[in-house]
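The values are calculated or read from the model by the stated rules, or taken from the named source; none is laboratory data. Model, not experiment: these values are computed from the prediction. Cβ placement follows ideal geometry from the backbone for every residue including glycine, while neighbour counts extend to all protein chains displayed.
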Amino acid sequence: MIQALFYKEWIKTRWFLLVALLTIIGVTGYCILRVYRAGELNGMDHLWLVMLTRGVTFVELLQYLPLAIGGLLALVQFVPEMQKSCLKLTLHLPHSALATTYSMLLWGTLFLTLCFCISSGLLYGYLHTVFTTELWQQSLFTTFPWFLAGYMAYFLTSAICLEPTWKRRIGYCMMSLVLLHLFFLNHTAQAYNPLLPFLILLTLLTATFPWLSVLRFKAGCQD
Amino acid sequence: MNKKSKKTMEPIIQCKNLTHYYGKRLIYKDLNFSVPQGRILGLLGKNGTGKTTTINILSGYLQPQAGECKIFGEDITKMSPIMRKEIGLLIEGHVQYQFMNLQEIERFYAAFYPGKWKKEAYYALLEKLKVAPKQRISRMSCGQRSQVALGLILAQDPSLLILDDFSLGLDPGYRRLFVDYLREYATAENKTVFLTSHIIQDMERLVDDCILMDYGKILLQMPVDELLQTIRRYTMHIPEQQGIPQIAHHSLYHPNVLGNTLEFFSFLSLKEVQQELTKQNYYFTHLKAEKVGLEDAFIGLTGKY
């Protein structure tokens, strides 16, 4: 049954998955190209100096991309479910409503993980050949809170889409703005390293919000 | 039209003391009804009497303020997924996944009903539609979507069908196709059907029993045959200014005077009406009683406004 649910999610999201994957590969590739070109023009030792003294990471272009992909993926997955209350069909399936909901979310989470792993893999694949461990880690670890923001955007946008009342949707939107803003307060390289465990916990907590929305939908909450 | 004989069996649906409000607006209080196995029951009522509320409660998408509803003996709010296999649900508007095509949607649902899914029943119905298997549901007409929804239910082969406004948006041809298919299927397979519709003629053609809802309560629940055999429209000529007769409460439904003609509906026999009117020294002439169809009975019992 989880395969059937994944099949449904695949039908909904296949074109978006392709576009998102190509976009993140493209942007990551462009970041790598920038490092290569800067290295060719100014020499790698100059890049090392810039990274050490000014905290440059060369991955700034990726900053908001995971968030955009996470939010858009949730829209692509769950807006069709809420059109004419199609979610009633999904929840009526002879399968636990909790398992059904989290199967759909698992699809999105796995795709985001694939995107972020590919991006991280590409960055590591090139950067570790031209930088020392400390420097390539500086670039890579700087992206981790952005990827977490992508997951959180996915869960919060899912909760907003699945929520049956507009009042609470607006409330969730405002809460999302506040929570997601936390990931972009400080642009210093690796500034969020000590906070990563907290941010991971916070992201996992937001993974429960879509289920709260589904419970409210099942109870027939209305504006 | 063949009607099944009434079978005395454990009710498939049982609702006790259902009460629901939307904010401060009471929909109904202490509603009680049951649906026996193997019957096709139609829920009739004017807009706002709680038909969709009842369907939403039965399908588990609305928590009543009070009371309980059981299907197959299980509380619907705690129904196990296995039991849901036995309930076929048609949502108002024949809603289905717009992003799927005919093949994809059949393949998707089939996975949830292993060993039970009747693929041939689905495709046999869809042959009539003359649509390509890869046509998306979003590009189909309302009538075509209704047949897809019906085909999926037939393939699922549930014991109980809950259909919310099954005739919404359908032209007469598709409505007739839907009704005829459903009637034959339910009768042949001894299925229980609980449905609503605004098209009373379709209900009359399809249902065995009816529940007539009025604001806040059930007006009556009885077999359609019995209702149509016993309800009468009475007309008579009366002098101007005489007013409406004071017959026992609930014996006259929606009496209406137009010029010199009094019209009302009643379950009393002609003789009983004559006796009641004579007892009150109520002057009348040309008293007529006539049998009516379900639509006229519905309007007569619930009123025009």
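Looking at A:Leu135 and the list (1) within 14 Å of chain B (Cβ to nearest Cβ); (2) in contact (Cβ under 8 Å) with a residue 40 or more places away in the chain; (3) not in a loop (DSSP other than H, G, I, E, B), which single condition is not satisfied?
Exception for A:Leu135: condition (1).
Against the conditions (1) under 15 Å from the mean Cα position of the chain (by Cα); (2) at pLDDT below 90, where does B:Glu189 fall short? Just the number, please.
The number of the failed condition is (1).
As an exercise: evaluate B:Gly243 against (1) more than 30 Å from B:Leu31 (Cα to Cα); (2) assigned by TED's automatic domain parsing to the domain that holds B:Val207 and give the number of the one condition it does not meet.
(2)
Out of region A:1-48, which residues are within 14 Å of chain B (Cβ to nearest Cβ) and of a type in the set (Gly, Ala, Ser)?
Matches in region A:1-48: A:Ala4 only.
So which residues in region B:130-155 are within 12 Å of chain A (Cβ to nearest Cβ) and of a type in the set (S, T, N, Q), if there are any at all?
Listed by number, the list holds a single entry, B:Ser138.
Residue pairs, Cβ under 9 Å, 6 or more apart or interchain, first in region A:73-98 and facing another protein chain (nearest Cβ under 10 Å), second of a type in the set (Asp, Glu). List them.
Going by the 9 Å Cβ cut-off, the qualifying pairs are A:Lys84/B:Glu92; A:Ser85/B:Glu92; A:Leu87/A:Glu81; A:Leu89/A:Glu81; A:Thr90/A:Glu81; A:Pro94/B:Glu86.
Could you pull out every one of the helices (runs of 4 or more DSSP H) wholly within region B:61-129 that has 3 or more residues that are more than 8 Å from chain A (Cβ to nearest Cβ)?
Per the criteria, B:102-110, B:119-126.
If I filter region A:136-169 down to residues being closer than 30 Å to A:Val50 by Cβ and in contact with a Cys (Cβ under 9 Å, 6 or more places away or on another chain), which single residue comes out as surrounded by the most Cβ atoms within 10 Å (Cβ to Cβ)?
If we filter region A:136-169 for residues that are closer than 30 Å to A:Val50 by Cβ, which is where we start, we get A:136-150.
Imposing the further condition that a residue be in contact with a Cys (Cβ under 9 Å, 6 or more places away or on another chain) reduces the set to A:139, A:147, A:150.
Details: A:Ser139: 24, A:Phe147: 24, A:Gly150: 26.
Looking at residues that are closer than 30 Å to A:Val50 by Cβ and in contact with a Cys (Cβ under 9 Å, 6 or more places away or on another chain), I get A:Gly150.
Could you tell me whether any residue of region B:97-108 is assigned by TED's automatic domain parsing to the domain that holds B:Ile153, closer than 11 Å to B:Ile153 by Cα and hydrophobic (A, V, I, L, M, F, W, C)? Please lay out each step first, then the result.
Taking region B:97-108 as the starting set, the residues that turn out to be assigned by TED's automatic domain parsing to the domain that holds B:Ile153 are B:97-108.
Subsequent filtering for residues that are closer than 11 Å to B:Ile153 by Cα retains B:106.
Keeping just the survivors that are hydrophobic (A, V, I, L, M, F, W, C) gives none.
Checked against the condition, which is being assigned by TED's automatic domain parsing to the domain that holds B:Ile153, closer than 11 Å to B:Ile153 by Cα and hydrophobic (A, V, I, L, M, F, W, C), region B:97-108 yields no hits at all.
Inside region A:170-223, can you point out the residues that are away from chain B (no Cβ under 14 Å), crowded, with 16+ Cβ neighbours inside 10 Å and not in a helix (DSSP H, G or I)?
Scanning region A:170-223 gives A:Ala189, A:Gln190, A:Tyr192, A:Ala207.
I'd like the full set of residues that are within 11 Å of another protein chain (Cβ to nearest Cβ), under 17 Å from B:Lys16 (Cβ atoms) and of a type in the set (Val, Ile, Thr), limited to region B:49-60.
B:Thr53, B:Ile57
For region A:184-223, give me the residue count where each residue is in contact (Cβ under 8 Å) with a residue 60 or more places away in the chain and touching a Leu at 6+ places or on another chain (Cβ under 9 Å).
Residues that pass the stated criteria total 7.
Do you know which residues across region A:60-117 are assigned to a loop (DSSP other than H, G, I, E, B) and more than 16 Å from the chain's Cα centre (by Cα)?
The answer is A:Cys86, A:Leu93, A:Pro94, A:His95, A:Ser96.
Residues being more than 24 Å from the chain's Cα centre (by Cα), free of Cβ contacts under 8 Å to residues at least 60 places away in the same chain and surrounded by 12 or more Cβ atoms within 10 Å (Cβ to Cβ): count how many of those fall in region A:25-46.
3
In contact with a strand residue (DSSP E or B) (Cβ under 6 Å, 6 or more places away or on another chain), farther than 23 Å from B:Leu206 by Cβ and modelled with pLDDT of 90 or more: is that true of B:Lys16 in this structure?
Numbers: in contact with a strand residue (DSSP E or B) (Cβ under 6 Å, 6 or more places away or on another chain): yes; farther than 23 Å from B:Leu206 by Cβ: yes; modelled with pLDDT of 90 or more: yes.
Yes: the conditions hold for B:Lys16.
For region B:31-50, what are the residues that are in a loop (DSSP other than H, G, I, E, B) and farther than 17 Å from B:Gly300 by Cβ?
B:Gln37, B:Gly38, B:Arg39, B:Asn47, B:Gly48, B:Gly50
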